[in-house]
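Below is one structure, written out as structure tokens; the observations come after it.
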Amino acid sequence: MKTNTEKFGVTPHQPSLWTRADALKVRADDPTTTQPLVSADFPVLSNDVFIWDTMPLRDLDGNVTSVDGWSVIFTLTADRHPNDPQYLDEDGNYDILRDWNDRHGRAKMYYWFSRTGKNWEFGGRVMAEGVSPTAREWAGTPILLNDRGEVDLYYTAVTPGATIVKVRGRVVTTEHGVSMVGFEKVKPLFEADGNMYQTEAQNAFWGFRDPWPFRDPKDGKLYMLFEGNVAGERGSHKVGEAEIGDVPPGYEDVGNSRFQTACVGIAVARDADGDDWEMLPPLLTAVGVNDQTERPHFVFQDGKYYLFTISHTFTYADGVTGPDGVYGFVADSLFGPYVPLNGSGLVLGNPSSQPFQTYSHYVMPNGLVTSFIDSVPTDETGTQIRVGGTEAPTVGMKIKGQQTFVVAEYDYGYIPPMLDVTLK
Ligand code: FRU
């Protein structure tokens, strides 16, 4: 019998492993892989809404694209509630931290536009209330399909369940701004299967989300990355020699690391439009290392596949750690083998003095890295913080072979287009 991968003319592959030995090489505060300090006097995009995960409009090859000279970003967004009694503390003051921490439950997809690739103007909600089938609209990718302005928005429909979905609409421009029309019919694509990707029934803390479709520069086919966990009942995973890697004496104890089972998933489209998908085995697994490899995405450079994914300190397994930030892996072909960039995988982490300053980094093919501000300390001890919910300063990074280097810092939310499409 043919395996799924053979059926679709895709090379069968073994997932690459991010091992405990790799993670032991993580060095927080290495200046070449640390995001510059974000100052607590940052400007906010909006006083009415929090924004976090930022999804620049792009084409299927990964190029950030403007339309008729307008840059467009999509963001996960939630209202701020400064006057809602539910978010007032005992003294009647707005508890912004609690409001911010609750945002995931009411996340909605919004869009913003700009002539300059920064100073984003508020566009509005992408889908009207009631269009998306679940409570939460979680991260994904807006793809500009053609010069008619058609856009496929891939995203995650969450609670109940977690389904990778897509909705088609159109971007329309005028001299004064940008609007999104359509986005009325959400099409479910796939869910975790329990054989390759963990389901909610196997683990209530499962992750299955963040679609990132792309055209493989080498074989020209349509694929999609997503975040998953390796299938199996919670607690049943084995952290063996392969997952441990080549560790020094005294580092063999894996503790309870079997509970951390992140992976980067991949699916291949059976059709040209990306309406019909087949899940393939994960590209990369982090069993025994980390429980979340979120928002996976590629940069295709120098004939190589640079795979980036965001992760947290709190999702690391016993005995290994690293900062919140973006991690990366490189391979010569789509299905690997992938090796961690900079030895450890760490590409751009928060400084240890401000461990939550930014998150949800997105590496663009021009080497610019966008992220959002989470919270920044406002006193020496770090007990007082200022919540962000806005765009962080963009970081410039150089990718060279198996290494990356921070080389520049730009304005807040600077996401310049790499190409412009004139709409017909
Ligand atoms: C990353 C993330 C995504 C998810 C969204 C939920 O910041 O956790 O993986 O889609 O935020 O708000």
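Observations
- Note on S353/T159: beta-carbon distance plugged into 1/(1 + (r/R0)^6) with R0 of 35 Å gives a FRET efficiency of 0.50.
- Sum of side-chain charges, M418 neighbourhood, beta-carbon under 11 Å (Lys, Arg +1; Asp, Glu -1): -2
- Residues Y327, Y359, Y414, sorted so that the one with the fewest Cβ neighbours within 10 Å comes first: Y414, Y359, Y327
- Gyration tensor verdict on the chain (Cα atoms; rounded if a/c is under 1.5, prolate if a/b is larger than b/c, oblate otherwise): rounded
- Given K185/K424; K166/K398; K108/K166, the pairs whose alpha carbons are separated by over 22 Å: K185/K424; K166/K398
- Here region 320-342 is scanned for amide nitrogen atoms under 16 Å from the site 7 Å beyond the Cα of D253 along Cα-to-Cβ, giving 320-321.
- Two-decimal log10 I(q)/I(0) for region 72-172, as the Debye equation yields it once each C-alpha is a single scatterer, q = 0.22 Å⁻¹: -1.16
- Of the residues P355, L419, S46, the one whose Cα sits farthest toward the positive end of the charge dipole of the chain, with +1 on the Cβ of Lys and Arg and -1 on the Cβ of Asp and Glu, is L419.
- Under Karplus coefficients 6.51, -1.76 and 1.60, residue-wise ³J(HN,Hα) of region 86-99 in Hz, glycine/proline x: 4, 10, 9, 7, 4, 8, x, 8, 5, 8, 5, 5, 5, 4
- Think of each Lys and Arg Cβ as +1 and each Asp and Glu Cβ as -1; about the Cα centre, that makes the dipole of region 284-420 roughly 340 debye.
- Applied to region 266-278, the Karplus parametrisation 6.51 cos²θ - 1.76 cosθ + 1.60 on θ = phi - 60° returns per-residue 3J(HN,Hα) values of 9, 10, 10, 7, 8, 10, 6, 8, x, 9, 9, 10, 10 Hz, with x for Gly and Pro.
- Region 236-242 - phi-based ³J(HN,Hα) in whole Hz, Karplus 6.51/-1.76/1.60, Gly and Pro as x: 8, 6, 9, 9, x, 3, 5
- Once the Cβ-Cβ distance of K187 and E380 is raised to the sixth power relative to R0 = 60 Å, the FRET efficiency obtained is 0.70.
- Separation between Cα centres of region 150-194 and region 69-87, rounded to whole Å: 18 Å
- Taking every Cα-Cα distance in region 61-120 and sorting them into 5 Å bins starting at zero, the pair-distance distribution P(r) comes out as 4, 17, 18, 14, 13, 12, 10, 7, 4, 2, 0 percent.
- Under 5 Å between amide hydrogens, built in the peptide plane, is the criterion, and for I373 it picks out G389, T390, E391, A392 among residues at least 5 positions away or on other chains.
- Sequence ranges 404-413, 385-394, ranked by mean other-Cβ count within 10 angstrom, highest first: 385-394, 404-413
- Estimated [θ] at 222 nm from DSSP helical runs (n ≥ 4, -39500 (n - 2.57)) normalised by residues in the chain, nearest 500: -1000 deg cm²/dmol
- Remark: the chain carries a charge dipole of roughly 1040 debye about the Cα centre, counting +1 on each Lys and Arg Cβ and -1 on each Asp and Glu Cβ.
- Normalised by the number of residues in region 47-159, the mean separation of alpha-carbon contacts (under 8 Å, six or more apart) gives a relative contact order of 26 percent.
- Spin-label model, H176 to K304: label points 7 Å out along the Cα-to-beta-carbon direction sit 4.9 nm apart.
- Residues R58, R125 arranged by fewest to most Cβ contacts within 10 Å: R125, R58
- Stretchable slack from A128 to R27, in nm (0.36 nm times residue separation minus alpha-carbon distance): 31.9 nm
- The protection proxy used here, the mean number of other Cβ atoms lying within 10 Å of each residue, ranks peptides 178-184, 308-314 as follows, highest first: 308-314, 178-184.
- Spacing of the two label points (7 Å from each Cα toward its C-beta) at K398 and E278, in nm: 4.3 nm
- Once C-alpha pairs closer than 8 Å and six or more residues apart are averaged by separation and normalised to the residue number of the chain, the relative contact order reads 20 percent.
Any read-out appearing in this document is the output of simple, stated calculations on the displayed coordinates, not a laboratory observation. Keep in mind it's a predicted model, so treat the numbers as computed, not measured. We place every Cβ from the backbone using ideal geometry, glycine too, and count neighbours over all the protein chains shown.
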